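The values are calculated or read from the model by the stated rules, or taken from the named source; none is laboratory data. This one's a predicted model, so the numbers in the text were calculated from it and none came from an experiment. When we count neighbours, we look across all protein chains shown, and the Cβ atoms used for this are built from the backbone with ideal geometry, even at glycine. Just the protein is used for accessible areas: all its heavy atoms, side chains included, with ligands, DNA and RNA removed. Shrake-Rupley method; radii C 1.70, N 1.55, O 1.52, S 1.80 Å.
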Amino acid sequence: MKCQIIPLAGSPQVAPLEADRIEPLLGAESSALLDTGLLRQLVASLSSPLNVLFPERVSENVRPFHETFEHYGIDGRVFLTTKPNRSSSIVREIACSPTIGVDVSSEGSLAAALSAGVPPSRIEATGPKDQGYLSLALLQGIVINVDDIAEIDLICALKKKLGIAEKTQILVRLSGFKSPRNAFAVSDGTFGVSIDSIPDLWPKLHAHTHEVSLLGFSYHLNTDSIEYRVLALEQTLSILFAAKQRGYTPRVVNIGGGFRIRYAKNTYEWENFIVRLKGSITGQGKACTWNRSGLGFSTENGRIKGSPRFMDHAEPLPPADQLCALLRQELPSFSAVPAGRLLSESVLELWIEPGRALLDQVGLTVAEVLSVRRSEQGHPLVVLRMNRSNLNAFELTLLTDPILLPRKFSAEPCDHGYFLTGNLCVANELLTPRSIHFGQRVAPGDLIAFANTAPYIMDFAESPTLHQPVARKVAVWFREHETKWALDEEYRPYLKEEL
Amino acid sequence: MIASSIHELIGNTPLLEIPASVHGLRNVRLYAKLELLNPFGSIKDRIAKAMLAPHRERLQQENAVVVENSSGNTAKALQALCSIDGIPFSLVSGLTRVKEQKDILRLMGASIEEVPNASDCFDPNDPNDPQYALERRAAESPNQVFFTSQFTNRDNPRAHAETTGIEIGADLPRVDFLIAGVGTAGSSCGTADTLRLANSELKLIGLTARRHDFIPGIRSAEELWENGVFRRDAYHQLLSVSSRDAIEGMVTLIRRCGIPAGPSSGANFYGAVEYLRTIDTELARQHTAVLFACDRMESYISYVKERRPDIFGLESRGKLWHDLEEEEISEAPAVNALQLRTLIRDRPPLIIDTRSTVAYSLEHLPEALNYPLEDLQRILQTSVPFPRERAIVFVCQHGVFTRPVAAYLAKRGFEAFSLEGGYRAWLNAPEAVKFVANT
C-alpha cells in the first residue's frame, strides 16, 4: 500500500497519517538555551547547521558512576571513549575534571587529548595500533590496552628503539568468553585476545617482565545481556587471579562501556511508536514512516523479521543503575558472591569506558528552515539547511521529535505532520523517517533543533566531500542567569572564571 | 483411573470458580482453568503433544533431533514427551531468566544451548536470535532437525481450539470474557476461536508484560509482532501488567484460592479483575469469565524473591552493633599496617579476615583466619569465640566494616582492633613491612 496523500490543513478529505509524538527528553541546559534568543543569533552568525555543546554536563553525567563505586566500596575510574567525538571543548573540560579520564583509540585522538591538556596518567590507549600511535603512547607513559599478544613484542621493540626504560603498564583486552554453564552461539568479533590464547600470554609476559607490567584485564561487550556480562566478568576475574598466582600484580578490571541512555521523554509514546511501526509493516495498521520504511524490520509470512536501525529510545535504567545491576549480580563460579562485593574485597580497581552515557544531553543540533513544500505524493515537507550527514550515528536513526523555534510568534495552528528533508541533491534525503507534528505551521526562517545529538550523532558521518557546510560547534555554559558561549575550538574551561 | 501413557493425562483440566469474596465482582462469575494440573505442570503440555504427534513416528525412525526456542514450560513438556519416545531434544533459547526452570530442564535431561540477547550495538546479522538460528538450522538439514517452532506452528493454536476450547465449552454454555496472557498467542487465539462458535460476542482480553519488565511466558506488546500465531484482531483489548502486579495476583491465587500458581497465572488473575472491574457495574446480567492458571509456583521462588524479598523475610536482619553510637564506631581501636607488623613480631595477634570466603581464599594476610562478616555477626549473637588474653585484629577490604566489630568487642573487654585502611592498606604497604610480617 502506498502512503496516503495528505492535503494541507484546511481540506481534511483524506485522513492524515496517525498522529504520533515522541517527545525528546531534554536536559536542563538544552531547555534553558531553547528559551533564549541566543540560538537564533548564533545560527545567524555561524550559519546552519550549528552544533551546540554543553561541556559542563559531562561532569554531571560522571557523578552517578562515582556514587556507585562509593556505594560498593570500589576504587573506580571513568574514561570517556573519544572516538566518535570531534569536539575539543569536551576533552578540554575533561582535562580540568580530575575524576574523568580519556580512552583514546588513534594517534590523532591521543594527540588531541594531550593537546587539550589531559595528563597522560588519565589516558588509556585502546584499539588497533600502528607504530606512530604506539610510539606516542609509549613516550607519554600511557597505559596501553593490548589487543593482541604480539602487540607486546611490538611495544618492547619500540621501547628499545625509543630508549624508554620505565616499565609500560598494560591491560590485556580479552574476548571470546565461553561458559561452562551455557553453550552460547557466539558471534565473532574483531577485538581482543581470545581467552583460549591465555596460555600464550604467560610466557610472553615472562619474557618481557622488565619492560611491561601487567596492570590488569579489560573487555568490551556488544550485548545487553546481563548473564553474558556476568560471564565475562567472572572469566576475567579468574584470569586475573590466575595471573596473581603466577606472581603478577594486576589490580584493574576494565569492563568497557555499553551503558545505554534515554532519548524519549515518555515511555508510552515510544511504545506506541514501536507497536504502530510493527503493525504498519505487517499491514495491520496505518503507515507511520516515510514510504512505509520498516527501519530495519521487514515481514515474512506476516511475521516481523530483522533488527531495528535505531536504538531503544526509552531505556528505563539510568546508566549508573545499569552498572549497579551488574555489580549486584552473584558470580556463580565465585560461590555466588555479588560482583561488587568481590571487586571491593579483592581491592581491585574497576574501570569503565562509557561513551554515550557521558555525553547524554551534552549537545543539540540546530538548523534553519529553507522552504516548505510537498513531496511527489503530496506530503508536506520541510527543507532544512543541513543534511543527513550532520545527523547520523553509523546508520542508527534518531527518532525523537525535533523542536520548532518559530521566527514569528503568531504561528498558525496546523494539524498535519511534516517530513524533514535536507539539502543534499539526492532522492529520499530524509532527516527523520517519521512525519513530525509540530502543532503549528512551519515557515522559512524558522529554526528546528534536534535534541541530544552529542551522543555520537553529530560527528560520525560529516565530511567535506559533500561540499556542504560541516556544522560549526559552539560550547555553551550558564553562570548566574547568564548564558555564555565560545566557539568550540576556543573553549578553555580554565579561562571561564576569573582568578 | 489407569492410564497407559502419560500422553493421556494431558488436558481435561477442571475449572475452579474463584469466589466473589476474592475478586469482588458483582456481575461476573470468574473461573480459573487449572492448566497447572497437567502432568509436566503447565498449559504448554497441550501444544507439546500436538506439535509432536503428527511427526512422532518419522522422528523415531529417522533419529532426528527436536529443537525449540523456549526457556520454560514448552521445553519441559517437549523434553518429557521426547525422552519417553527416545527422541533427542535440544533447547536453544535466549538466556533463561528463571533459574529453577533451567535446573529442572537439566534434571529432565535436556541439552541446553543458551544465546545472549540481541546486540545493542547495531548488528543486522545477529547470529544469536534463537528463532531465526533454529529456522536456519532446520532449513539446512530438514531430515535431521525438527523445529517445533511454537511461535509459528499452527498446531499450537489448533491444540487449544481442539482441546482447551472444547473442554471449557463443555463445562460452560456461554463464556463472555476470556482473559489470557499473550506469549505465543496460541492459548488465547485457539481457545477463543472455539468459544466464539457458541458465543460470537466473546471478548478476548490479551494481557502483555510491561516493556522492560519480565513476566515468564508473557511478551510485551511490541514483541507480539514477531510472532506468527498472534492476530491483533482476535483481541478485544490488550492490557499490560507489571511483574509486581503479577506477583500480587499470584499470591492471591495461592493464599486465598488454594491455587498453587505461577506469575503468569497471577498476571491473568490481576489483569482479569482489573479489566472486569471497569465494566462490572454496567453489566445488565450475570456474565461468565475464564482465565488460565497456566503453571505452578515452585519454579519461581528466585523470581519472586528477587522482586519481593519481604515475602521471604529477607532484608530485615538486625545488626548486632546497632546499639553503638556513631562516635564509638568512628573511635574504634585500630592498628595500621606498620603497627600490625610490630604486633605480629612481638606478640602475634589473632587475625580475623571478615571478607567473603572467596575473596579470602584468593589472597589474605599471613596466618589470618576467615570469618565472613555475616557469619561473625551470627556467631557473636550467641558467644564470642575469641580469647581475652590475645589481641584480635579484624580485617576487611577498606577498614570500614571492621570498625563496629572492634568497637563492639572492645566495649566487652576484648583487645580488639580494626586494621586501618583494611586489606587495601596492607596490599599497598611497603614490601619491608609485609616481609617482616611474613617471616
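Some observations on this one:
- Across peptide A:335-348, the mean count of Cβ atoms from other chains lying within 10 Å of each residue's own Cβ comes to 6.
- The simple spin-label model puts a point 7 Å past each Cα toward its Cβ; for A:S121 and B:D233 those points are separated by 7.1 nm.
- Length gained on full extension, B:N27 to B:L9, computed as 0.36 nm times the residue gap minus the Cα-Cα distance: 3.0 nm.
- Computed helical MRE - 222 nm, the protein assembly as shown, DSSP H runs ≥ 4 contributing -39500 (n - 2.57), nearest 500: -9500 deg cm²/dmol
- A 1.4 Å probe run over chain A, with the rest of the protein chains in place, finds 41 Å² accessible per residue.
- Summing both sides, the accessible surface hidden between B and A at a 1.4 Å probe radius is close to 4000 Å².
- Against the criterion of solvent-accessible heavy-atom surface with a 1.4 angstrom probe, A:E67, A:E489, A:E498 sort, most first, into A:E498, A:E67, A:E489.
- Given chain B, longest segment not containing exposed loop GluC sites (Glu not before Pro) (DSSP; at most 15 other Cβ within 10 Å): B:1-200
- Using a Förster distance of 41 Å, the FRET efficiency for A:A325-B:I2 (Cβ separation, nearest 0.05): 0.20
- Ligands, DNA and RNA aside, A:I304 has an accessible area near 0 Å² when probed at 1.4 Å.
- Nonpolar atom fraction for chain B, defined as the carbon and sulfur part of the 1.4 Å probe accessible area, stands at 50 percent.
- For the residue pairs A:K408/A:K473; A:K161/B:K434; B:K33/B:K76; A:K305/B:K305; A:K265/A:K484; B:K44/B:K99, the C-alpha atoms sit more than 29 angstrom apart in A:K161/B:K434; A:K305/B:K305.
- Test item: B:418-426 mean partner chain Cβ contacts at 10 Å: 2
- Shape call, the protein assembly as shown: gyration tensor on alpha carbons, a/c limit 1.5: oblate
- At an R0 of 25 angstrom, the distance between the Cβ atoms of A:D35 and A:E490 translates into a FRET efficiency of 0.55.
- Partner lysines whose Cα lies under 29 Å from the Cα of B:K411, excluding those fewer than 8 positions away in the same chain, are identified as B:K319.
- Three-way shape call for segment A:388-499 based on the alpha-carbon gyration tensor, with the a/c threshold at 1.5: oblate
- Folded to 0 to 90 degrees: helix A:198-207 orientation relative to chain A principal axis, Cα: 60 degrees
- Rounded, prolate or oblate (a/c below 1.5 giving rounded, otherwise prolate when a/b exceeds b/c) for segment A:301-385 by Cα gyration tensor: oblate
- Residue-normalised accessible area of segment B:326-438, expressed per residue, 1.4 Å probe, Å²: 48 Å²
- Theoretical FRET efficiency, 1/(1+(r/R0)^6), r = Cβ-Cβ of B:R158 and A:D196, R0 45 Å, to 0.05: 0.45
- What you get for chain A, charging only the Cβ of Lys and Arg (+1) and of Asp and Glu (-1), is a dipole of about 740 debye around the Cα centre.
- Backbone amide hydrogens, once placed in the peptide plane, bring B:H287 within less than 5 Å of B:V28, B:R29, excluding anything fewer than 5 places away on its chain.
- Note on A:K167 and A:A28: the model spin-label points, each 7 Å out from Cα along the C-beta direction, lie 4.5 nm apart.
- In segment B:165-227, the trypsin sites (Lys or Arg not before Pro) that fall in loop regions by DSSP, at most 13 other Cβ within 10 Å: B:R174
- Restricting segment A:366-426 to GluC sites (Glu not before Pro) that sit in a DSSP loop and have at most 13 other Cβ atoms within 10 Å of their own Cβ leaves A:E376, A:E395.
- Axis angle, to the nearest 10 degrees, between helix B:373-382 and the longest C-alpha principal axis of chain B: 70 degrees.
- Taking every residue in A:64-73 and counting other chain Cβ atoms within 10 Å of its Cβ, the average works out to 1.
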